[in-house]
1. G44 versus (1) open to solvent by 60 Å² or more (accessible area, probe 1.4 Å); (2) modelled with pLDDT of 80 or more: which is the lone unmet condition?
2. Among residues belonging to the range 9-32 that are without any contact (Cβ under 8 Å) to a residue 40 or more places away in the chain and under 15 Å from L57 (Cα atoms), point out the one that is surrounded by the most Cβ atoms within 10 Å (Cβ to Cβ).
Amino acid sequence: MKRQKEGIIIDPAAEGNSIMKTVNVLGLKIKMIVLTHSHMDHIGALAEVKEKTGAPLAMHTEESALYRDRNSG
């Protein structure tokens, strides 16, 4: 039985379609999306990648309030 490869995505900054194309070509099951910080240049494709992978999001607790503030409206 062939085991599915697993991976994570770190800082999906932009080009969600390109990220997902690579994920599909590599045959990866994305287990988590990790943000090093929540600046816009690190999260531009986050919504698209999260929607398409269903993977949970991980970030430092000090970044979570900033992320919510930037994305709440």
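1. It is condition (1) that G44 fails.
2. P12
The values are calculated or read from the model by the stated rules, or taken from the named source; none is laboratory data. The structure displayed is predicted, hence computed values, not measured ones. As a convention, Cβ positions derive from the backbone with ideal geometry for all residues, glycine included, and neighbour counts pool all protein chains shown. Ligands, DNA and RNA are excluded from the accessible area calculation, which covers all protein heavy atoms including side chains. Shrake-Rupley method; radii C 1.70, N 1.55, O 1.52, S 1.80 Å.
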